[in-house]
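Report on one structure; see the data block that follows.
The values are calculated or read from the model by the stated rules, or taken from the named source; none is laboratory data. Just so you know, these numbers come straight off a predicted model, no measurement behind them. Here the Cβ positions follow ideal geometry from the backbone for every residue, glycine too, while neighbour counts run over all protein chains shown. For the accessible areas, the whole protein counts, side chains as well, though only heavy atoms, and no ligand, DNA or RNA atoms are used. Shrake-Rupley method; radii C 1.70, N 1.55, O 1.52, S 1.80 Å.
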Amino acid sequence: MGRSVDASLLVGSQEIAERLSLRRYQHVHWFRENDPTFPEPVARIGTGRGTLIWYWPDIEAWAQRGGRLEPPK
């Protein structure tokens, strides 16, 4: 069985880009392809290439480790 996650914390590339203050959602896909530490998506929805979905706590931890997001105070 797959990993259990809180559905309210699922995000797509657009929301990740907004939360990390990236100019374009395509930057998320650049990180995915070029940074081996970037978290794997937890799901793909839709047909064809589909839409990738990530678990925000995974992205948040990655961003904090890389200095792209300040740790919570």
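Within the stretch 32-52, track down each residue that is open to solvent by less than 30 Å² (accessible area, probe 1.4 Å) and not in a loop (DSSP other than H, G, I, E, B).
Matches in the stretch 32-52: Leu52 only.
Test each condition in (1) open to solvent by 50 Å² or more (accessible area, probe 1.4 Å); (2) modelled with pLDDT of 95 or more; (3) of a type in the set (Gly, Ala, Ser) for Ser13 and report the one that comes out false.
(1)
Does Arg68 satisfy being in contact (Cβ under 8 Å) with a residue 24 or more places away in the chain and either open to solvent by 50 Å² or more (accessible area, probe 1.4 Å) or of a type in the set (Ser, Thr, Tyr) (or both)?
When the stated conditions are applied, Arg68 passes them.
Could you run through the stretch 1-31 and say how many residues are assigned to a loop (DSSP other than H, G, I, E, B), touching a helix residue (DSSP H, G or I) at 6+ places or on another chain (Cβ under 8 Å) and touching a residue at least 24 places away in the same chain (Cβ under 8 Å)? Full working, then the answer.
Let us first name the residues in the stretch 1-31 that are assigned to a loop (DSSP other than H, G, I, E, B), namely 1-6, 12, 20-25.
Remaining after also requiring touching a helix residue (DSSP H, G or I) at 6+ places or on another chain (Cβ under 8 Å): 20, 22-25.
Those left that are additionally touching a residue at least 24 places away in the same chain (Cβ under 8 Å): 20.
Of the residues in the stretch 1-31, 1 are assigned to a loop (DSSP other than H, G, I, E, B), touching a helix residue (DSSP H, G or I) at 6+ places or on another chain (Cβ under 8 Å) and touching a residue at least 24 places away in the same chain (Cβ under 8 Å).
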